[in-house]
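Below is one structure, written out as structure tokens; comments come after it.
The values are calculated or read from the model by the stated rules, or taken from the named source; none is laboratory data. What you are looking at is a predicted structure, and each value in this text was computed from that prediction instead of being measured. Please note: Cβ atoms are built from the backbone with ideal geometry, for glycine as well, and neighbour counts cover all protein chains shown.
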Amino acid sequence: MILPQVGDTISLLLSDMGAEGEAVGHCAGMAVCVWGGVPGDRVTVTLNEVHRRYSKGRLMGVQNPSPNRVIPRCEWVGQCGGCQLQQWEYSQQLAWKQQRVERMLQSMPVHPMVGMVEPWHYRNKALLPIHASGMGFYAKWSHDVIPITTCVIQSQDLHPIVQAMQRWMVSNGLTGYDETHQSGEIRGILCRQSESELVLIVVARCPLNEVKGWGELANINGVTGLGWMLNQADRNRMVDGPVVPVMGSLTLTHQVGGLTLQVPAPSFFQINHSQYTGMMEQIRAYLQTIQPRTVWDLYAGVGGFGILAATLGAQVQLAECDPQAMAIARHNAELNDCASLVGVASGDAAVLMSEWATATEAPDCVILDPPRKGCSDAMIQALLTHLPEWIIYISCDVATLSRDLKRLMEAYECLEVRPFDMFPHTVHIECITCLHRRHV
């Protein structure tokens, strides 16, 4: 058997989709990963990496398209790092995500994936890097900026924002960021939207106090708030630093799941309002069934899930490492008339969990909504030590969810998993898992 080599061009039938959105075929017993392909395609591929057990290839052409291949709505698919699956029929995306959850979680009871009726224009957040080379979105696996002015998964039309930003920079003599030489005044612009508000925040490497001509941005149709953020650190994280208001309010108000939640534009908040509402209703259903007296929301953010529990009568503790987020959560509890039932604390969630449980006792229910990396070892150990009766685990990465559930199964039974397609046309999957403590 002749093994393939770097530079070989081969014909390949694609049969599966990988976790990162790469279609997979086989040649000489070796898996070949092809970005831009769809299972069922017969493609021409030039190999650019060959390893011991797998190789990677560049899609050169589609000889015979899969019946599930569709024409992407965006011309930048395959170049922009945002969408990986736009060339795949949406029902097939959902089926693959369903299979991935079931495969990763093995014998756990998984409900059907909750998809979107209209899986376009759902994102209420855009972060556009502005480099010396242009403004748009990062190319896949790089910090090269592709000059994209439209995006079919963004709820806001970006074209007038990009045009106004370009005019504003020219009129004020401002230049984009040069990562190589660490020069330039502007790093990017953050766009955040609610049902009735649009806030823009310019991310700058130097103070913009002397800038006078803000009207170019303030007059964009729909803009309700405008400000700038000072981020002088030469690192990849763009949204980081103090914010100075210029016009209007930089806080957005979201109506979700019967709650009113106010969120400053730089703070974390779910980017898909429709699916977040569905998740909130599912958690409401769990809480109404469980009827917990005490609930601890241990990665609380601005407090949405814990505040929901408080509106249902539970005594709630919120934990979050970001002190600003906890101040916002306290305000949101007041907005929803449940402040007397909500306590907040900033710090490491695992440490707070252990301190609270030692001082009193474990709560009836813990809500977990960790970042993509999942729960820390300390958090899993705290849960297994103090053993709350119920755990509702919200995950945005099925791989780390699988890892954490395997450890929690020492003391808990998984009653069900409900997956949501929070990010259509990408590989990401959101899951809500309900766990109940085993009693021997």
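General observations
- Looking only at region 229-241, and only at residues there that are touching a residue at least 12 places away in the same chain (Cβ under 8 Å) and within 23 Å of the chain's Cα centre (by Cα), the one that is surrounded by the most Cβ atoms within 10 Å (Cβ to Cβ): Met229
- Selection status of Arg52, more than 30 Å from Cys151 (Cβ to Cβ), surrounded by 14 or more Cβ atoms within 10 Å (Cβ to Cβ) and of a type in the set (Lys, Arg): no
- Matching residues in region 179-195 - criterion: being surrounded by fewer than 20 Cβ atoms within 10 Å (Cβ to Cβ) and either touching a Lys or Arg at 6+ places or on another chain (Cβ under 9 Å) or aliphatic (A, V, I, L, M) (or both): Gln182, Ser183, Gly184, Glu185
- Applying the condition of being of a type in the set (Val, Ile, Thr) and within 26 Å of the chain's Cα centre (by Cα) to region 331-360 and asking which residue is surrounded by the most Cβ atoms within 10 Å (Cβ to Cβ) yields Val344.
- Residue identified as loosely packed, with under 15 Cβ neighbours inside 10 Å and either outside any strand (DSSP E or B) or on the phi > 0 side of the Ramachandran plot (or both) among Ser91, Ser66: Ser91
- No other residue among Gly313, Gly306, Gly257 is crowded, with 17+ Cβ neighbours inside 10 Å and modelled with pLDDT of 95 or more apart from Gly306.
- When Val145, Val203, Val117 are checked against the criterion of being farther than 21 Å from Met238 by Cα and out of contact with any Cys (no Cβ under 6 Å at 6 or more places or on another chain), Val117 stands alone in meeting it.
Rundown of residues vs (1) without any contact (Cβ under 8 Å) to a residue 60 or more places away in the chain; (2) hydroxyl-bearing (Ser, Thr, Tyr); (3) farther than 22 Å from Pro264 by Cβ, yes/no style:
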site	(1), (2), (3)
Gln291	yes, no, yes
Thr294	no, yes, yes
Gly303	yes, no, no
Ala310	yes, no, no
Ala314	yes, no, yes
Glu320	yes, no, no
Ala327	yes, no, no
Glu334	yes, no, no
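- Strands (runs of 3 or more DSSP E) enclosed by region 166-250 - at least 1 residues per element that are β-branched (Val, Ile, Thr): 186-193, 198-204, 243-248
- Matching residues in region 163-182 - criterion: being aromatic (Phe, Trp, Tyr) and either more than 27 Å from the chain's Cα centre (by Cα) or more than 20 Å from Ile148 (Cα to Cα) (or both): Trp168
- Tabulated pairs, region 386-403, first of a type in the set (D, E, K, R), second surrounded by fewer than 20 Cβ atoms within 10 Å (Cβ to Cβ) and not in a loop (DSSP other than H, G, I, E, B), C-beta under 6 angstrom, 6+ apart or interchain: Glu389/Arg437
- Residue selection: Arg52 fails the criterion of being part of a loop (DSSP other than H, G, I, E, B), basic (Lys, Arg) and within 22 Å of Asp421 (Cβ to Cβ).
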